[in-house]
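Trainee: To start, I am sharing the structure in question, which I have written as structure tokens.
The values are calculated or read from the model by the stated rules, or taken from the named source; none is laboratory data. Remember, it's a predicted structure, so these values are computed and weren't measured experimentally. Every residue, glycine as well, gets a Cβ built from its backbone with ideal geometry; the counts of neighbours run over all protein chains shown. Just the protein is used for accessible areas: all its heavy atoms, side chains included, with ligands, DNA and RNA removed. Shrake-Rupley method; radii C 1.70, N 1.55, O 1.52, S 1.80 Å.
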Amino acid sequence: MKEWKLTDWLPTTKKEVELKGWNELDVILFSGDAYVDHPSFGAAVIGRILEAEGYKVAIVPQPNWRDDLRDFKKLGKPRLFFGVSAGCMDSMVNKYTANKRLRSEDAYTPDGCNDMRPDYPTIAYTRILKEIYPDVPVIAGSIEASMRRLTHYDY
């Protein structure tokens, strides 16, 4: 059976970046989902593709947007860009039922906590990143970024 090391995954903290021997990141990905290194999670797929091309990539899963924004600052400024994703499914579908009731659990969050992402995380995370790092490009992706281009089912 293979023994896994912490450096086998994409880093999510400054300490994990240092364990890889990196002093600068090329790309930092922000995701509304927890970090699961599996092909069904877009942020992990994008991170692994960029890593395979030689880029130094880290992921910040479910950053806390309510407090002093330390999750948005903890890895510093990337050399190339920030990537932002709401997660595997649209945040409003993930958070609310068709009757506009708050869902009791979030399948993409540890322990099913339902308050680990804001409404419209792509917009919220991008706004925060542009306030902190106005000169760094932000690339938005995922289902939410695609669906928000047109008006659709939002309440």
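Trainee: Between a residue in region 122-142 that is modelled with pLDDT of 95 or more and any residue that is polar (S, T, N, Q), which pairs come within a Cβ distance under 8 Å, given they are 6 or more apart or on different chains?
Mentor: V138/T126
Trainee: Going by what's in this entry, would D111 be described as open to solvent by less than 70 Å² (accessible area, probe 1.4 Å), more than 14 Å from V60 (Cβ to Cβ) and at pLDDT below 95?
Mentor: On the way: open to solvent by less than 70 Å² (accessible area, probe 1.4 Å): no; more than 14 Å from V60 (Cβ to Cβ): yes; at pLDDT below 95: yes.
For D111, the condition - open to solvent by less than 70 Å² (accessible area, probe 1.4 Å), more than 14 Å from V60 (Cβ to Cβ) and at pLDDT below 95 - is not met.
Trainee: Restricting the search to region 67-77, which residues are open to solvent by 60 Å² or more (accessible area, probe 1.4 Å) and in contact (Cβ under 8 Å) with a residue 12 or more places away in the chain? Show your work before the answer.
Mentor: Of region 67-77, the ones open to solvent by 60 Å² or more (accessible area, probe 1.4 Å) are 67-68, 70, 73-74, 77.
Hits for region 67-77 are K73, K74, K77.
Trainee: Among what's in region 73-96 and is part of a helix (DSSP H, G or I) and among the charged types (D, E, K, R), pick the residue that is farthest from Y125 (Cα to Cα). It would help to see each step written out before you state the result.
Mentor: First pass over region 73-96, keeping only residues part of a helix (DSSP H, G or I): 73, 91-95.
Now narrow it down to the ones that are among the charged types (D, E, K, R): 73, 95.
Numbers: K73: 12, K95: 17 Å.
Among them, the one singled out is K95.
Trainee: A further question follows. With the requirement that a residue be assigned to a loop (DSSP other than H, G, I, E, B), open to solvent by 10 Å² or more (accessible area, probe 1.4 Å) and of a type outside the set (V, I, T), what does region 4-24 give you?
Mentor: Hits for region 4-24 are W4, K5, W9, K20, G21, W22, N23, E24.
Trainee: With respect to the numbered conditions (1) among the acidic types (D, E); (2) more than 17 Å from V138 (Cα to Cα); (3) free of Cβ contacts under 8 Å to residues at least 24 places away in the same chain, which one is the sole condition not fulfilled by E51?
Mentor: The single condition E51 does not satisfy is (3).
Trainee: Can you tell me which residues in region 25-61 are in a loop (DSSP other than H, G, I, E, B), open to solvent by 50 Å² or more (accessible area, probe 1.4 Å) and more than 23 Å from M116 (Cβ to Cβ)?
Mentor: E53, G54, Y55, K56 - these are the residues of region 25-61 that are in a loop (DSSP other than H, G, I, E, B), open to solvent by 50 Å² or more (accessible area, probe 1.4 Å) and more than 23 Å from M116 (Cβ to Cβ).
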